[in-house]
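Heads up: the structure comes next, in structure tokens.
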Amino acid sequence: MNHAAGLSRRRFLGLLATGAAAACTGGGGDSSRTSGTVGTTEPPTTVVAVAAPPDPGLVTNPFTLGVASGDPLPDAVVLWTRLAPQPIGGGGMPAVDVPIAWEIAVDESFEFLIRSEVVTAALADAHTVHVDATGLMPARDYWYRFRVGDYVSPAGRTRTAPEAGATVDRLPFAFASCQDWQDGFYPAHRHLSGEDVDVVLFLGDYIYEGGVDRFSAVRQHDGPRAETLAAYRDRYALYKGDRDLQAAHAAAPWIVIWDDHEVSNQYGGDTPLGQQSAEEFTVRRAAAYRAWWEHQPVRLPPPNGADLQIYRRFDFGGLLSVLALDGRQYRDPAACGGDIGITCSAVDDPARTLLGAEQESWLLDGLEASDARWNVLANDVMMTNFFVELGTSGVVNPDQWDGYRPARDRLVEGMRESGATNIVVVTGDIHAAVVGDVGTGEDDAVATELVGMSVSSRFPPDLGPSFELAASLNPRVRFGDAAVHGYVVCEATPELLRADYRVVGDVTERATGISTLATFEIADGVPGAIRRD
Ligand code: FE
Ligand code: CA
């Protein structure tokens, strides 16, 4: 990252001095304030690092899966790691809870620690750690790491959100999704780790649950289809062993949602697409949600059986709100057998839901209450109409919002009535770049949708012609390209939101380059992205 990493030591000591003065006089006096954008008060002092807890008998370095941070607030961020000296096959830790030290600093060289404490990496959590590092300053970079015995984790850089309601000139962020291990390496993550962004939205399909693909020449899963907690944990351990993915996590805080492959291909609610019974699937979903919770840097309680509320909201000053959605847990099962094909009457059944009634109300209430200039919906499946009319019938992907058309109409009307400005839906799932308008009729867009390709997952080649047809026939689709991989870098300002579609070359090569496929701009108050290159 090109952050101004490092305040010079002299400037930093100056800041410390003003903070210390404030602490002596009871704090909060105007004398403690500095001008500029670094916050209204400064850290009062630095702390001394706690001693690392003793090595519990580790055979080798336990920090094999990197570090991560997420769910940034103005005064807090969640820090994550997992102790796993032998990542596959359970992690290789002794079967006891293990104390672990963490520290967070305002500088990359950890000279100026803000907090340093010991917490427990619990056996019951597969020795994962979620630290909610509180008491931080808004809109600031921090660096964090973990220690056990003589082992020190890699350091991660994170960043807090701006203060509630603060005037923010620009907020750079990125979004990405869909990283099937067997379809390619992660050059997208390597390049993402070098982008200067304040937060990354990850929109689902972080793991793929399938078994070994013997035809994958790139790399293969190392076990059968995941259905148990042990298998899902191993799948996260496999993916998180990738150094490029680790670099992207270590570079910025992430806000993570899930899609289907964190559990099972195209499941809806408690119904799988395949052969499992409802009872079996409930047990499986509980295992999958638990492993997801363990391995993501989220500020959430552990799942209650097969239930975990992950929809949540983040504000970045008065400029941008992120409403992170769950498009899987509460939806009705897929219509029309679940596969892309001829449409069926269920897609027009007004009783069916994608978000569930409670989340839908939460979202619309949140939009209505929002004062943010930009309201970004972190979303899993495509919302833009991609239905292909064929005479009296049509072709539909029933897994996306096209399979829940009355629910989409209801949501669009709710968005319109909410009065929220500049709704931008950012989406994953389909492994293609799409830019679309979200609306009900022909020319009444209420939101703009940016669909962000995939990190590595392949677009099914046999569906290429259908994709081209849907993209060209739908007046709401402004752009479509199903042959690209990468991520999207956005910059929100009060006047516009810019989106650069950053694409990598061949994902069968780790070292492939990066380029910008297309740039789109959405102007304040005008739904619809305009191409600018
Ligand atoms: Fe996917
Ligand atoms: Ca998906």
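All of the numbers you see were taken from the coordinates with simple rules; none came from a lab. Note that the structure is predicted; figures quoted are calculated from it, not measured. Cβ coordinates were reconstructed from backbone atoms using ideal geometry, including for glycine residues, and neighbour counts include every protein chain displayed.
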Does the range 372-521 come out rounded, prolate or oblate, given a ≥ b ≥ c as the square roots of the eigenvalues of its C-alpha gyration tensor, rounded meaning a/c under 1.5 and, failing that, prolate meaning a/b above b/c? oblate
Row for the range 433-532, column shape: gyration tensor on C-alpha, a ≥ b ≥ c, rounded if a/c < 1.5 i.e. under 1.5, prolate if a/b over b/c, else oblate; value oblate
With θ taken as phi - 60° and the coefficients 6.51, -1.76 and 1.60, list the Karplus ³J(HN,Hα) couplings across the range 488-505 in order, rounded to whole Hz; mark glycine and proline as x. 10, 9, 10, 10, 9, 10, x, 8, 7, 10, 9, 10, 9, 7, 9, 10, 9, x
Can you tell me the convex hull volume per residue for the range 124-274, based on C-alpha atoms, in Å³ to the nearest whole number? 163
Cα-Cα pairs of the range 109-150 separated by more than 15 Å (percent): 54
In whole Å and largest first, what semi-axes does the C-alpha gyration tensor of the range 83-180 yield when each eigenvalue is scaled by 5 and square-rooted? 29, 19, 12
Output needed for the range 76-118: three equivalent-ellipsoid semi-axes, defined as square roots of 5 times the C-alpha gyration tensor eigenvalues, in descending order, whole Å. 27, 11, 9
Report the equivalent ellipsoid semi-axes for the range 419-480 in whole Å, largest first, defined as the square roots of five times the eigenvalues of the gyration tensor built from alpha carbon atoms. 23, 15, 6
Area projected by the alpha carbon convex hull of the range 386-430, averaged over all directions, nm²: 4.1
Provide the per-residue ³J(HN,Hα) series for the range 260-274, in order, calculated from phi with Karplus coefficients 6.51, -1.76, 1.60 and θ = phi - 60°, each as a whole number of Hz, with x at glycine and proline positions. 7, 6, 5, 10, 6, 3, 6, 6, x, x, 9, 10, x, 6, x
For the range 357-458, build the charge dipole from Cβ charges (+1 Lys, Arg; -1 Asp, Glu) around the Cα centre, then report which of 401, 369, 435 sits farthest towards its positive end. 435
How charged is the neighbourhood of residue 298? Take every other residue with its Cβ under 9 Å from the Cβ of residue 298, and add Lys/Arg as +1 and Asp/Glu as -1. +1
Average the reciprocal distances over every distinct pair of alpha-carbons in the range 223-328, invert the result, and give the Kirkwood radius in Å. 15.1
Reference-scaled alpha-carbon Rg (2.2 N^0.38 Å with N residues) for the range 136-198: 1.50
So what's the projected area for the range 310-360, the Cα convex hull averaged over all directions, in nm²? 5.0
At 222 nm, what value in deg cm²/dmol follows for the chain if DSSP H runs of at least 4 each add -39500 (n - 2.57) and the sum is divided by all its residues, to the nearest 500? -5500 deg cm²/dmol
Interchain or sequence-distant (5+) residues whose placed amide H lies within less than 5 Å of the amide H of residue 425 are 377, 448, 449, 450
On the principal axes of its Cα set, how long, how wide and how thick is the chain? Give whole Å, largest value first. 76, 51, 43
Tell me which residues come under 5 Å, amide H to amide H, from residue 478 once H is placed; ignore anything under 5 positions away on its chain. 435, 436, 437
Shape of the range 474-522, Cα gyration tensor, a/c cut at 1.5: oblate
Provide the per-residue ³J(HN,Hα) series for the range 76-83, in order, calculated from phi with Karplus coefficients 6.51, -1.76, 1.60 and θ = phi - 60°, each as a whole number of Hz, with x at glycine and proline positions. 7, 8, 8, 10, 9, 7, 9, 7
Provide the net charge surrounding residue 533, with neighbours chosen by a C-beta distance below 12 Å and charges set as Lys +1, Arg +1, Asp -1, Glu -1. +1
Per-selection Rg to Rh, the range 192-258 - Cα, Kirkwood hydrodynamic radius: 1.02
Can you pull out the GluC sites (Glu not before Pro) in the range 468-501 whose DSSP state is coil and whose Cβ has at most 13 other Cβ atoms within 10 Å? 495
